[in-house]
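J.: Got a structure here, written out as structure tokens. Questions coming.
The values are calculated or read from the model by the stated rules, or taken from the named source; none is laboratory data. For clarity, every value in this text was computed on a predicted model and none was experimentally measured. Heads up, the Cβs are rebuilt from the backbone with ideal geometry, glycines too, and the neighbour counts pull from every protein chain shown.
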Amino acid sequence: MARMATTRRVVISTAMAWLFGFLIFFPILWMVLASFKTELEAFAIPPSFLFFHWTIENYATVQERSDYFHHAMNSIIIAGGSTLIALLIAIPAAWSMAFSPTKRTKDILLWMLSTKMMPPVGVLVPIYLIYKTFGLLDSRIGLVFILCLGNLPIVIWMLFTYFKEIPRDILEAARMDGATIGRELVYVLTPMAIPGLASTLLLNLILAWNEAFWTLNLSTSHAAPLTTFIASYSGPEGLFWAKLSAASTLAIAPILVLGWFSQKQLVRGLTFGAVK
Amino acid sequence: MGQITLQGVQKSFGPVHIIKGADLDIADGSFVVFVGPSGCGKTTLLRLIAGLEDVSGGKILIDGKNVVDTPPAKRGLSMVFQSYALYPHMSVRGNIGFGLKMVGLPKDEINRKVEAAAATLNLTPYLDRKPRELSGGQRQRVAIGRAIVREPKAFLFDEPLSNLDAALRVQMRIEVTRLQKQLGTTAIYVTHDQVEAMTMADKIVVLNGGKIEQYGSPLELYERPANLFVAGFIGSPKMNFVTGELALQRGAATIGVRPEHLKIERDGGGGWQGTISVAEHLGSDTFLYVDAGPLGMLTARYIGELSLHAGDRVSLVPDPQRIHRFDSGGNALRG
């Protein structure tokens, strides 16, 4: 009896998991399907699921109209650059907070996180004006800078939790073994923190890649990343569903592939310290 | 050489005084154990010697040289941590050889030394394993290997056996003692376990509340405790203390008798009368916890089996040669 109940429970929960997984994935699937439809079929009612006239003309049009690779390159530079700079700042910051905390360390950490609680639109006007004054509008450097600052609190928090998990004894053992601070860093701490560094890097890369508020508001063409590229398909002339879908598919493809190959790291990074 | 001298060493964390002026002379090659209850400052004192904490006052001399401003690595000491503190990403070979690599020894020499240390500790088959693939006892041996391979002036052990199970602890205790004698290197060993202290030490430092209560050989501490604290801390089960009339008769504020120095007689003898409340029969020993009325609870130990049970009346006769006397300040009275 008990065994049957267990089996039934496993079957039901598996089915539920698949159902929820499908529900969450459905919009992406629909977008991919729509990208292979003609504009007419894309918003036909009732919608056709698989039996429509498959075409890749949307992709050709998208590439023709706007240079995908130009925007993709911008995305890579902006997401990659902001992530690297954020890590360079965050590593020493998280390091010192984890290994030589002061009375105010907790407050500083909370204060940093609190900046993420403010809606970005609240500071849009001042930042826009600052960018305008310094000629940073529609520049890659400007976007790298804003995304780096925006994600810095999360990067520091993540690294802080990682470093916190490294036992002090091990660092002291290295010190007793004659390691200087530099060698302690290279031979002991960094290798031990690599999983943490990797998942922080990945998560930040994804956040920066998908960031749309600042990239849309502070760039137009030269520095515009893929988010702006997608948005350009919903304009005053109308909404081009199929082309928009094709552009979106192209925009999320690289990050989707990256996420797929690094999902183990990501899950570990996101749940780190949650249990235990 | 590894002679370590402490002169008025103090340590405070803010307003809290952890070590209140420690003076100590540790002879080269000796095995000294710091023992005391938790929070007595024994680990802090060890970390001060190691250089992992800075002293707030006083001097630490290693072979006559004051090292208070010398970083840990330059003091020529090595340390075995309670948590082993092995480098998880390095193999056993890497762990043991790390200190030598930091000194900049050539690779083949490191290998030779690591293999020699591994052989001493029966670790040769595990040299290429990672710490997570080892048992607790093996990890502890790697930690010891890491300490001995550098041929330090002294070993510092911070409760190294407290994470091991009882059987392994006894075995490692013997191994550590044997190894230390074989190498002839000075060792300072921190523990809260007085059995470890008694069995391993050449000399014991009893610490309490940041102060050194007594420094002497295990038997000295057992036979001539300097004060009530040491008398109560060294010896298991702990010494019985009696105050009041009986103590005053002997010219003391408190008298103490160890459980093994109380002769157990059936009721009616001339000693201290009482009723057994608990009797523990271990085969080799019998421990009696006796409710002696106004004298309080007394513990008596009998070597071998004694067929007495809870509720039986007994009379405890102290060995007059083995009665310890203490004044009202808790200090031992001699003569």
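J.: Sort out which residues of the stretch A:158-168 are surrounded by fewer than 19 Cβ atoms within 10 Å (Cβ to Cβ) and either away from chain B (no Cβ under 14 Å) or free of Cβ contacts under 8 Å to residues at least 12 places away in the same chain (or both), and write them in order of number. First the steps, then the outcome.
T.: Here is the first cut: in the stretch A:158-168, the ones surrounded by fewer than 19 Cβ atoms within 10 Å (Cβ to Cβ) are A:161, A:164-168.
Residues satisfying the conditions are A:Thr161, A:Lys164, A:Pro167.
J.: OK, next. Just to check your reading of the model, which residue among B:Leu248, B:Leu183, B:Leu219 is under 26 Å from B:Glu151 (Cβ atoms) and surrounded by fewer than 19 Cβ atoms within 10 Å (Cβ to Cβ)?
T.: Numbers: B:Leu248 fails: under 26 Å from B:Glu151 (Cβ atoms); B:Leu219 fails: under 26 Å from B:Glu151 (Cβ atoms).
Answer to the selection: B:Leu183.
J.: When you look at B:Lys59, is it among the charged types (D, E, K, R), modelled with pLDDT of 90 or more and in contact with a Lys or Arg (Cβ under 9 Å, 6 or more places away or on another chain), yes or no?
T.: Working: among the charged types (D, E, K, R): yes; modelled with pLDDT of 90 or more: yes; in contact with a Lys or Arg (Cβ under 9 Å, 6 or more places away or on another chain): no.
Answer is no for this residue.
J.: A further question on this structure: Is one or more of the residues making up the stretch B:155-164 under 22 Å from B:Gln182 (Cβ atoms), touching an Asp or Glu at 6+ places or on another chain (Cβ under 9 Å), more than 12 Å from chain A (Cβ to nearest Cβ) and crowded, with 21+ Cβ neighbours inside 10 Å?
T.: The answer is yes, given that some residue of the stretch B:155-164 is under 22 Å from B:Gln182 (Cβ atoms), touching an Asp or Glu at 6+ places or on another chain (Cβ under 9 Å), more than 12 Å from chain A (Cβ to nearest Cβ) and crowded, with 21+ Cβ neighbours inside 10 Å.
J.: Based on what the data block shows, is A:Leu149 away from chain B (no Cβ under 14 Å) and more than 30 Å from B:Asn95 (Cβ to Cβ)?
T.: Judged against the criteria, A:Leu149 is a match.
J.: Next question. Can you tell me how many residues within the stretch A:98-121 are more than 13 Å from A:Trp214 (Cβ to Cβ) and part of a helix (DSSP H, G or I)?
T.: First, the residues of the stretch A:98-121 that are more than 13 Å from A:Trp214 (Cβ to Cβ): A:98-118.
From what's left, part of a helix (DSSP H, G or I): A:98-99, A:105-117.
So the count comes out to 15.
J.: Hey, another quick one. Within the stretch B:40-53, restricting attention to residues that are small (Gly, Ala, Ser) and within 12 Å of another protein chain (Cβ to nearest Cβ), which residue is surrounded by the most Cβ atoms within 10 Å (Cβ to Cβ)? Reasoning before the result, please.
T.: In the first step, residues of the stretch B:40-53 are kept if they are small (Gly, Ala, Ser); the result is B:41, B:50-51.
If we keep only those that are within 12 Å of another protein chain (Cβ to nearest Cβ) as well, we get B:50-51.
Numbers: B:Ala50: 21, B:Gly51: 23.
Among residues in the stretch B:40-53 that are small (Gly, Ala, Ser) and within 12 Å of another protein chain (Cβ to nearest Cβ), the one surrounded by the most Cβ atoms within 10 Å (Cβ to Cβ) is B:Gly51.
J.: Is it the case that the stretch A:178-201 has a residue that's away from chain B (no Cβ under 14 Å), acidic (Asp, Glu) and buried (at least 17 other Cβ atoms within 10 Å of the Cβ)?
T.: no
J.: How about the stretch B:317-331: which of its residues are within 22 Å of B:Trp272 (Cα to Cα) and loosely packed, with under 13 Cβ neighbours inside 10 Å?
T.: B:Asp319, B:Pro320, B:Gln321
J.: In this structure, does A:Ile85 turn out to be in contact (Cβ under 8 Å) with a residue 24 or more places away in the chain and either surrounded by 10 or more Cβ atoms within 10 Å (Cβ to Cβ) or not in a helix (DSSP H, G or I) (or both)? Please lay out each step first, then the result.
T.: Numbers: in contact (Cβ under 8 Å) with a residue 24 or more places away in the chain: yes; either surrounded by 10 or more Cβ atoms within 10 Å (Cβ to Cβ) or not in a helix (DSSP H, G or I) (or both): yes.
For A:Ile85, the condition - in contact (Cβ under 8 Å) with a residue 24 or more places away in the chain and either surrounded by 10 or more Cβ atoms within 10 Å (Cβ to Cβ) or not in a helix (DSSP H, G or I) (or both) - is met.
J.: Quick one: in the stretch B:42-85, which of the residues that are among the charged types (D, E, K, R) and outside any strand (DSSP E or B) is farthest from B:Met172 (Cα to Cα)?
T.: Taking the stretch B:42-85 as the starting set, the residues that turn out to be among the charged types (D, E, K, R) are B:42, B:47, B:53-54, B:59, B:63, B:65, B:69, B:74-75.
Okay, now just the ones that are also outside any strand (DSSP E or B), so B:42, B:47, B:53-54, B:63, B:69, B:74-75.
Values: B:Lys42: 21, B:Arg47: 23, B:Glu53: 28, B:Asp54: 31, B:Asp63: 29, B:Asp69: 34, B:Lys74: 29, B:Arg75: 27 Å.
Step by step, filter the stretch B:42-85, then rank; the result is B:Asp69.
J.: Looking at B:Leu288, B:Leu282, can you tell me which residue is free of Cβ contacts under 8 Å to residues at least 12 places away in the same chain, farther than 28 Å from B:Asn208 by Cα and not polar (S, T, N, Q)? First the steps, then the outcome.
T.: Numbers: B:Leu288 fails: free of Cβ contacts under 8 Å to residues at least 12 places away in the same chain.
The match here is B:Leu282.
J.: Additional query: Could you list, in sequence order, all residues of the stretch B:265-301 that are part of a loop (DSSP other than H, G, I, E, B) and in contact with a Gly (Cβ under 8 Å, 6 or more places away or on another chain)?
T.: Initial filter on the stretch B:265-301 (part of a loop (DSSP other than H, G, I, E, B)): B:267-271, B:282-284, B:292, B:296.
Within the stretch B:265-301, B:Ser284, B:Ala292 qualify.
J.: Sort out which residues of the stretch B:54-83 are more than 10 Å from chain A (Cβ to nearest Cβ) and either in contact with a Leu (Cβ under 7 Å, 6 or more places away or on another chain) or crowded, with 17+ Cβ neighbours inside 10 Å (or both), and write them in order of number.
T.: Once the filter is applied, which keeps residues that are more than 10 Å from chain A (Cβ to nearest Cβ) and either in contact with a Leu (Cβ under 7 Å, 6 or more places away or on another chain) or crowded, with 17+ Cβ neighbours inside 10 Å (or both), the stretch B:54-83 yields B:Val55, B:Gly58, B:Ile60, B:Ile62, B:Val67.
J.: Okay, moving on. For the stretch B:101-138, how many residues are part of a loop (DSSP other than H, G, I, E, B) and away from chain A (no Cβ under 14 Å)? Break it down into steps so the answer makes sense when it comes.
T.: Looking only at the stretch B:101-138, we keep the residues that are part of a loop (DSSP other than H, G, I, E, B), and these are B:104-106, B:121-123, B:127-130, B:134-135.
If we keep only those that are away from chain A (no Cβ under 14 Å) as well, we get B:106, B:121-123, B:127-129, B:134-135.
The qualifying residues number 9.
J.: Hey, another quick one. So which pairs qualify, if the first residue must be in the stretch B:21-32 and in a loop (DSSP other than H, G, I, E, B), the second must be exposed (fewer than 14 other Cβ atoms within 10 Å of the Cβ), the Cβ gap must be under 7 Å, and the two must be at least 6 apart or on different chains?
T.: Matching pairs, first to second residue: B:Asp28/B:Met1; B:Gly29/B:Gly184.
J.: In the stretch B:1-20, what residues are without any contact (Cβ under 8 Å) to a residue 12 or more places away in the chain and outside any loop (DSSP other than H, G, I, E, B)?
T.: Passing the criteria: B:Phe13, B:Val16.
J.: When residues of the stretch A:117-130 are filtered for being crowded, with 16+ Cβ neighbours inside 10 Å and either out of contact with any Phe, Trp or Tyr (no Cβ under 9 Å at 6 or more places or on another chain) or within 14 Å of chain B (Cβ to nearest Cβ) (or both), how many remain?
T.: Taking the stretch A:117-130 as the starting set, the residues that turn out to be crowded, with 16+ Cβ neighbours inside 10 Å are A:127.
Checking the rest, the ones that are also either out of contact with any Phe, Trp or Tyr (no Cβ under 9 Å at 6 or more places or on another chain) or within 14 Å of chain B (Cβ to nearest Cβ) (or both) come to none.
So the count comes out to 0.
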